[in-house]
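Quick notes on the structure that follows.
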Amino acid sequence: MAAAAPLVRTLATAAARLRSCAAASSSGRAPAAAWRTLEPCGPCLRPQRGVAAAAAGTEAAAAQEQPPRTVPTRRLTSQEAVEALYGSQHEAQRSTFAAFYSSELGGIVTDPALMVVQIDDHMLHRGHGVFDTAILTEGHLYQLDQHLQRFLTNAARANIPLPPGISAEQMRRTILETAAASCKLNGFVRYWLSAGRGGFGLSGNECLGSAFYCIVYTHETPDDKIDEYLRGWRVKTSPVPIKAPFFSLIKSNNYLPNALNLMDAQAEQYDQGIFVDTDGNVSEGPNMNVACLLEDGTLVVPPFESALNGITVQRMMELLPGAIAAGMEGVRRVEQRHISVAEAKASKEVFLVGSSLPIMPVVQWDISAIGDGSVGIVALQIRSMMRDDMKPREGSNQHLEVPYGYLTGMM
């Protein structure tokens, strides 16, 4: 037991540091993300400069505090585990998770407590999975086929085959029927293709077969966010290193850089961070594309080289020539090319493009105001254009009607 004492003290010190960091974050004093200086957020993540220094610092800190009291770890019965699944549900889970399909279950469930993925799924413990999201709007899925095509392309790049017995057509049908089972007219449909289950090794070759999951969920916009597009967002150049181009183009479960990008921005009271490539060019936001309107009326979209080929921004570029010809004010042409951070900051307007936005004006980048620091007319016009395109209409090739009736009895 004496030999274990230093380890206990080390663990106690680490736990205390984590509690300190968590307390600072919950109180709104989020520590500045320090990957900028290779010293991550707070002492709990700071790299030590040597083993001896680490040991000395740990011993000194441990001497000043007592290890926290511990309790035995419970061993649950099957019934207790099921009860815990129900008892541990959080409010968003109960109120917004509407329907879930799992190829492992072989069907759809609408009980949020049962929307689970097994721990040996390689998507979970190795990140070996791809995903995509479609918008459910007024009982229709917007651009599902376009999202599915990208989804299947990314699965091939990630070396993930279709699950046994599930074709691309069956996958499409399952997504539509999961949306129907949710009984929701508006929301989001997210789906994953995983290398599958089979163990805890590295290679997907051990998996018994790939797995497909789909969930329908809703998200209510808070009252103070409803008119956020009229105020615009503040963004910062992200210090988080961008993914290598090959991985930037795959919408995989490796969203750690994206999460760190956003958390870094939020820690400094910005709305979003902007990734920059190794040549100093603008790439994308954490989960949206970027567009910059130059003084001459040219709208520049960074190429899909280190940025994901966003379905929404592609639709925007498809619609804009017609809108410009019809007299859209302030924009003359659309170009897809590299743009430096300096050129982007000097733009007349900047806005972010993504399926859930669909357009969000940017009014400040780092300490620089964009244009006159207010929301621009072009961003608002394009937002209106995109929202109109999202509305279901007869003969639209962008919408698929959800088959509610035969599955749920909804009329």
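Yes or no: N258 in contact with a helix residue (DSSP H, G or I) (Cβ under 8 Å, 6 or more places away or on another chain) and closer than 24 Å to G129 by Cβ?
Numbers: in contact with a helix residue (DSSP H, G or I) (Cβ under 8 Å, 6 or more places away or on another chain): no; closer than 24 Å to G129 by Cβ: yes.
For N258, the condition - in contact with a helix residue (DSSP H, G or I) (Cβ under 8 Å, 6 or more places away or on another chain) and closer than 24 Å to G129 by Cβ - is not met.
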Go through (1) under 22 Å from E401 (Cβ atoms); (2) buried (at least 22 other Cβ atoms within 10 Å of the Cβ) for V130 and report which single condition fails. (1)
Within the bounds of region 335-342, is there any residue that is closer than 29 Å to A134 by Cβ, within 30 Å of the chain's Cα centre (by Cα) and small (G, A, S)? no
Under 8 Å between Cβ atoms, which residue pairs at least 6 apart in sequence (or on different chains) link something in region 143-170 that is without any contact (Cβ under 8 Å) to a residue 12 or more places away in the chain and assigned by TED's automatic domain parsing to the domain that holds N205 with a partner that is of a type in the set (K, R) and in a loop (DSSP other than H, G, I, E, B)? none
Being touching a residue at least 40 places away in the same chain (Cβ under 8 Å), more than 17 Å from R337 (Cβ to Cβ) and among the polar types (S, T, N, Q) is the filter here; which residues of region 249-284 pass it? S252, N253, N254, Q266, Q272
Among the candidates A291, A195, A244, which residue alone is buried (at least 23 other Cβ atoms within 10 Å of the Cβ) and more than 25 Å from E349 (Cα to Cα)? A195
G106 versus (1) under 30 Å from S210 (Cα atoms); (2) of a type outside the set (F, W, Y); (3) in contact (Cβ under 8 Å) with a residue 12 or more places away in the chain: which is the lone unmet condition? (3)
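Any residue at all in region 263-271 that's crowded, with 22+ Cβ neighbours inside 10 Å and either modelled with pLDDT of 95 or more or not β-branched (V, I, T) (or both)?
Yes.
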Of all residues in region 304-319, which are in contact (Cβ under 8 Å) with a residue 12 or more places away in the chain and among the acidic types (D, E)? E305
Residues being in a helix (DSSP H, G or I) and touching a residue at least 40 places away in the same chain (Cβ under 8 Å): count how many of those fall in region 207-245. 5
Extreme residue, nearest to C292 (Cα to Cα), among residues of region 305-342 that are among the small types (G, A, S) and part of a helix (DSSP H, G or I): A342
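Taking T298, is it surrounded by fewer than 19 Cβ atoms within 10 Å (Cβ to Cβ), at pLDDT 95 or above and hydroxyl-bearing (S, T, Y)? First the steps, then the outcome.
Details: surrounded by fewer than 19 Cβ atoms within 10 Å (Cβ to Cβ): yes; at pLDDT 95 or above: yes; hydroxyl-bearing (S, T, Y): yes.
Answer is yes for this residue.
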In the set A98, A113, A81, A92, which member is outside any helix (DSSP H, G or I) and not polar (S, T, N, Q)? A98
Tell me, which strands (runs of 3 or more DSSP E) wholly within region 343-411 include 3 or more residues that are surrounded by 16 or more Cβ atoms within 10 Å (Cβ to Cβ)? 349-353, 359-365
Just checking, how many residues over region 263-298 are in a helix (DSSP H, G or I) and touching a strand residue (DSSP E or B) at 6+ places or on another chain (Cβ under 6 Å)? 2
Working only within region 125-155, note down all residues that are within 22 Å of G201 (Cβ to Cβ) and assigned to a helix (DSSP H, G or I). H125, A155
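How many residues does region 73-117 contain that are polar (S, T, N, Q) and either within 19 Å of the chain's Cα centre (by Cα) or surrounded by 12 or more Cβ atoms within 10 Å (Cβ to Cβ) (or both)? I'd like the intermediate steps shown before the answer.
At the first step, the residues of region 73-117 found to be polar (S, T, N, Q) are 73, 77-79, 88-89, 93, 95-96, 102-103, 110.
Keeping just the survivors that are either within 19 Å of the chain's Cα centre (by Cα) or surrounded by 12 or more Cβ atoms within 10 Å (Cβ to Cβ) (or both) gives 89, 93, 95-96, 102-103, 110.
Looking only at that region, the number is 7.
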Is it true that some residue in region 225-243 is within 18 Å of the chain's Cα centre (by Cα), among the polar types (S, T, N, Q) and over 19 Å from L352 (Cα atoms)? no
Within the bounds of region 210-225, is there any residue that is of a type in the set (V, I, T) and at pLDDT below 95? yes
Only one of (1) in contact (Cβ under 8 Å) with a residue 60 or more places away in the chain; (2) more than 30 Å from E177 (Cβ to Cβ) is not met by V301, so which one is it? (1)
Which residues, counting only those in region 204-221, are under 23 Å from Y142 (Cβ atoms) and out of contact with any Leu (no Cβ under 6 Å at 6 or more places or on another chain)? Y213, C214, I215, V216, Y217, T218, H219, E220, T221
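The values are calculated or read from the model by the stated rules, or taken from the named source; none is laboratory data. All values derive from a computational prediction rather than experimental measurement. Glycine also receives a Cβ, built like all others from the backbone with ideal geometry; neighbour counts cover every protein chain displayed.
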